[in-house]
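**Student:** Please read through the structure below; I'll follow up with questions.
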2 protein chains.
Amino acid sequence: MGFMITKQAIGEAHERIKKYIHRTPVMTSKSIDDVAGCSIFFKCENLQNVGAFKARGAMNATLQLTEEQRKKGVATHSSGNHAQAIARAAQILGLKSYIVMPRTTPQIKKKGVIAYGGEIFECEPNLAARESTLAEVIKKTGAVEIHPFNNYEVMIGQATAAKELFEDAPNLDYLLAPVGGGGLLSGTAYAAKYFSPSTVVVAGEPAGSDDTFRSLKSGKIEQAQSQTIADGLLTTIGDKTFPIIHELVKEVITVSDEEIVAAMRLIWERLKIIVEPSAAVPFASVLKSKEKFKGKRVGIILSGGNVDLERAAKLFA
Amino acid sequence: MGFMITKQAIGEAHERIKKYIHRTPVMTSKSIDDVAGCSIFFKCENLQNVGAFKARGAMNATLQLTEEQRKKGVATHSSGNHAQAIARAAQILGLKSYIVMPRTTPQIKKKGVIAYGGEIFECEPNLAARESTLAEVIKKTGAVEIHPFNNYEVMIGQATAAKELFEDAPNLDYLLAPVGGGGLLSGTAYAAKYFSPSTVVVAGEPAGSDDTFRSLKSGKIEQAQSQTIADGLLTTIGDKTFPIIHELVKEVITVSDEEIVAAMRLIWERLKIIVEPSAAVPFASVLKSKEKFKGKRVGIILSGGNVDLERAAKLFA
């Protein structure tokens with residue numbers, strides 16, 4: 001690893017972003033614990049601003065820009081929560097934001113970006129088109145790219161969710177986070193290393209997009225196949241996140257879409273909160289590996305709550 | 001009014017039930033405030049034990065029983081949240097509970113009662129059958145009836161939700177609660193009188209079951225017609241709750257089922273929490289009367305989150 005994420009950096013980021021984010025609640029449920037066979041502490045980042053932990057990393061990275069950089073604004077490509085998080089951070093600081101989104105992105109997500117004053121550039125729904133469109137936008141505007149996960153200031157911002165959880169629910173045996181590009185998982189792993197070293201960090205990943213599982217096995221980055229309803233986790237792990245995860249995360253549990261929907265449904269029904277499929281992946285992983293977690297104190301980061309209600313209804317039908 | 005609910009009684013009830021209930025969070029949302037044109041503070045009783053404020057009143061009333069009474073157990077008739085709340089309170093205190101439920105009650109609600117160790121007695125789905133079945137059960141068992149709303153200890157327990165809200169969100173101009181039988185509304189009105197006298201309490205009621213609206217107009221109890229999706233509010237106001245509401249509540253806003261579903265959908269989408277149709281009635285009332293609440297600080301008690309996901313999906317389709 002080249003860059004080193006320090007304990008001090010996470011602490012300072014937390015102070016820096018505090019007034020712009022919610023300290024989200026930690027929820028527990030006896031009936032969920034009964035089903036799972038362990039004590040689960042849910043860190044509710046679905047109740048975060050923009051409905052996802054992404055508000056943390058985007059805010060931290062944007063706040064870390066120089067005055068000179070801020071003048072030109074910020075840019076990113078994202079079909080999801082990071083897009084809104086960047087537009088929101090920019091709006092709060094009075095900067096321009098340029099968001100490249102696949103033309104297939106649900107209208108509701110585009111509206112979210114527009115509501116935060118972001119300017120949208122549509123492109124074809126593939127990574128090459130996203131990257132080339134973003135390059136053009138940056139060339140034209142001079143804006144600074146803030147990548148959704150392959151960016152240390154973003155990872156440091158995401159680490160603050162786990163830091164808060166350790167403060168509110170100490171002595172966790174395990175902490176689970178979902179893994180897509182690996183920004184949240186990297187931040188979570190560093191937060192555990194510094195703030196709760198006895199806690200073992202485990203990743204939950206959809207079986208239909210299990211690139212991190214395969215990458216940790218092979219020791220090099222494997223491409224995601226991306227066939228899962230957990231649409232926040234379709235991305236392949238990044239070249240800045242993979243080394244961190246390779247060093248700090250010992251286990252990835254993969255779960256099927258069926259297991260994800262069942263876990264999501266339990267969260268909706270028992271906790272009375274709305275989580276998106278991606279957010280249900282770690283809980284699905286616990287339910288799949290009950291023996292491993294039996295009787296333990298288990299933290300879970302519920303990553304987000306942005307799901308189209310009609311779509312969710314179909315999943316539950 | 002014969003019986004007098006005192007400030008001291010509410011304070012003591014709060015201490016009494018504290019360790020058995022959640023201090024539920026108060027949620028705010030900039031995007032909801034933008035839509036509503038006022039500052040709304042949502043008291044999330046949907047995140048309460050058993051998914052509803054009913055846990056408060058049931059716990060308080062059960063704790064107030066004498067040792068002699070406790071030996072025989074508790075009984076009630078309810079098709080909804082009060083049933084689970086009584087079964088839970090009884091289980092916590094090691095008592096028996098006997099719950100009369102209409103045979104048409106959704107399976108999930110029956111399961112909830114059974115999970116808390118309650119014994120279910122099925123009856124025909126009408127008030128006469130419910131009352132006669134309950135009378136038989138009480139004759140047989142000697143259990144004490146704990147009525148869902150027409151019971152002062154229940155009302156005093158429900159008052160603690162508003163008390164907490166005033167502590168966490170002071171200086172509210174308005175506080176809205178839904179009204180069915182009137183237990184929550186009575187408790188809320190007393191809590192305002194004692195803990196935040198400058199706050200005006202307003203009731204939200206479904207137009208399809210607007211007996212409280214009509215009763216306040218005529219000065220006597222009018223029967224509910226009971227045609228609304230807000231299934232927690234079908235009941236006619238009680239003879240113990242009506243005098244309280246008549247004295248302390250000056251306004252009832254009625255809303256259509258369409259307005260209820262729209263409000264419910266906004267809460268799901270923006271707050272990322274699950275509320276049942278009844279719980280969305282006060283927010284629907286605010287959205288219907290924007291001029292009245294413009295620029296004000298408005299508290300809303302989100303009364304519960306027990307809704308069948310398939311049913312909710314159909315409402316949003």
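**Student:** Give me the residue from the range A:102-145 that is within 14 Å of chain B (Cβ to nearest Cβ) and buried (at least 17 other Cβ atoms within 10 Å of the Cβ) and, out of that set, nearest to A:Ala89 (Cα to Cα).
**Tutor:** Across the range A:102-145, the extreme among qualifying residues is A:Tyr116.
**Student:** If you don't mind, another one. Which condition from (1) surrounded by fewer than 16 Cβ atoms within 10 Å (Cβ to Cβ); (2) part of a helix (DSSP H, G or I) is the one that B:Val154 breaks?
**Tutor:** Unmet for B:Val154, out of (1) surrounded by fewer than 16 Cβ atoms within 10 Å (Cβ to Cβ); (2) part of a helix (DSSP H, G or I): (1).
**Student:** Test each condition in (1) among the hydroxyl-bearing types (Ser, Thr, Tyr); (2) at pLDDT below 95; (3) farther than 20 Å from B:Phe149 by Cβ for B:Ser289 and report the one that comes out false.
**Tutor:** The single condition B:Ser289 does not satisfy is (2).
**Student:** Please work out which one of (1) away from chain A (no Cβ under 14 Å); (2) open to solvent by less than 60 Å² (accessible area, probe 1.4 Å); (3) within 30 Å of A:Lys109 (Cα to Cα) is the condition B:Glu258 fails and give its number.
**Tutor:** (2)
**Student:** Additional query: Could you please let me know if A:Gln84 is part of a helix (DSSP H, G or I), within 14 Å of chain B (Cβ to nearest Cβ) and in contact with a helix residue (DSSP H, G or I) (Cβ under 8 Å, 6 or more places away or on another chain)?
**Tutor:** Against the criterion (part of a helix (DSSP H, G or I), within 14 Å of chain B (Cβ to nearest Cβ) and in contact with a helix residue (DSSP H, G or I) (Cβ under 8 Å, 6 or more places away or on another chain)), A:Gln84 qualifies.
**Student:** Right, another one. Could you grab me the full set of residues in the range B:15-60 that are assigned to a strand (DSSP E or B) and more than 10 Å from every other protein chain (Cβ to nearest Cβ)?
**Tutor:** Once the filter is applied, which keeps residues that are assigned to a strand (DSSP E or B) and more than 10 Å from every other protein chain (Cβ to nearest Cβ), the range B:15-60 yields B:Val26, B:Ser39, B:Ile40, B:Phe41, B:Phe42, B:Lys43.
**Student:** So which residues in the range A:8-19 are open to solvent by 50 Å² or more (accessible area, probe 1.4 Å) and within 21 Å of A:Ala52 (Cβ to Cβ)?
**Tutor:** A:Arg16, A:Lys18, A:Lys19
**Student:** Is it the case that B:Ile221 is outside any helix (DSSP H, G or I), modelled with pLDDT of 95 or more and open to solvent by 20 Å² or more (accessible area, probe 1.4 Å)?
**Tutor:** When the stated conditions are applied, B:Ile221 passes them.
**Student:** Still on this model: From the list A:Ser78, A:Ser29, exactly one residue is over 20 Å from the mean Cα position of the chain (by Cα), closer than 30 Å to A:Lys272 by Cβ, among the hydroxyl-bearing types (Ser, Thr, Tyr) and open to solvent by less than 20 Å² (accessible area, probe 1.4 Å). Which is it?
**Tutor:** A:Ser29
**Student:** A further question on this structure: Identify, please: which residue in the range A:265-317 is more than 10 Å from every other protein chain (Cβ to nearest Cβ) and polar (S, T, N, Q) and is, among those, surrounded by the most Cβ atoms within 10 Å (Cβ to Cβ)?
**Tutor:** Ranking the qualifying residues of the range A:265-317, first place goes to A:Ser303.
**Student:** Can you tell me which condition A:Pro243 does not meet? The list is (1) over 15 Å from the mean Cα position of the chain (by Cα); (2) open to solvent by 50 Å² or more (accessible area, probe 1.4 Å); (3) touching a residue at least 60 places away in the same chain (Cβ under 8 Å), and all the others hold.
**Tutor:** (2)
**Student:** Being more than 14 Å from chain B (Cβ to nearest Cβ), in a helix (DSSP H, G or I), within 24 Å of A:Gly187 (Cβ to Cβ) and open to solvent by 10 Å² or more (accessible area, probe 1.4 Å): is that true of A:Gln69 here?
**Tutor:** Here the answer is yes, as A:Gln69 does meet what is asked.
**Student:** Quick check: is even one residue across the range A:97-104 more than 21 Å from the chain's Cα centre (by Cα) and at pLDDT 95 or above?
**Tutor:** No, the range A:97-104 has no match at all.
**Student:** Checking the conditions here, which among A:Ala177, A:Ala230 is at pLDDT 95 or above, closer than 21 Å to A:Met155 by Cα, among the hydrophobic types (A, V, I, L, M, F, W, C) and buried (at least 24 other Cβ atoms within 10 Å of the Cβ)?
**Tutor:** A:Ala177
**Student:** Check A:Ile245 against each of (1) closer than 22 Å to A:Gly208 by Cβ; (2) of a type in the set (A, V, I, L, M, F, W, C); (3) within 14 Å of chain B (Cβ to nearest Cβ) and name the one condition it does not meet.
**Tutor:** Result: A:Ile245 passes all but (3).
**Student:** If you don't mind, there's one more thing I want to ask. Identify the single condition in (1) open to solvent by 60 Å² or more (accessible area, probe 1.4 Å); (2) in contact with a Ser or Thr (Cβ under 9 Å, 6 or more places away or on another chain); (3) more than 26 Å from B:Glu131 (Cα to Cα) that B:Met4 does not satisfy, given that it satisfies every other one.
**Tutor:** Checking B:Met4 against (1) open to solvent by 60 Å² or more (accessible area, probe 1.4 Å); (2) in contact with a Ser or Thr (Cβ under 9 Å, 6 or more places away or on another chain); (3) more than 26 Å from B:Glu131 (Cα to Cα), the one that fails is (2).
**Student:** Output the qualifying pairs, or none if there are none: Cβ atoms under 6 angstrom, residues six or more apart or on different chains, first residue in the range A:92-108 and on the phi < 0 side of the Ramachandran plot and assigned to a strand (DSSP E or B), second residue hydroxyl-bearing (Ser, Thr, Tyr) and open to solvent by less than 70 Å² (accessible area, probe 1.4 Å).
**Tutor:** Final answer for the pair search is A:Tyr98/A:Thr141; A:Val100/A:Thr133; A:Met101/A:Ser79; A:Pro102/A:Ser79.
**Student:** With (1) in a helix (DSSP H, G or I); (2) in contact with a Leu (Cβ under 6 Å, 6 or more places away or on another chain) as the list, and B:Val281 as the residue in question, which single condition is left unmet?
**Tutor:** B:Val281 satisfies all of (1) in a helix (DSSP H, G or I); (2) in contact with a Leu (Cβ under 6 Å, 6 or more places away or on another chain) except (2).
**Student:** Now for a different question. If you go through the range A:185-215 one residue at a time, how many are open to solvent by less than 40 Å² (accessible area, probe 1.4 Å) and assigned to a helix (DSSP H, G or I)?
**Tutor:** So the answer is 13.
The values are calculated or read from the model by the stated rules, or taken from the named source; none is laboratory data. Model, not experiment: these values are computed from the prediction. So basically every Cβ, Gly included, is an ideal-geometry build from the backbone, and we count neighbours across all protein chains shown. In case anyone asks, the SASA skips ligands and DNA or RNA and just uses the protein heavy atoms, side chains included. Shrake-Rupley method; radii C 1.70, N 1.55, O 1.52, S 1.80 Å.
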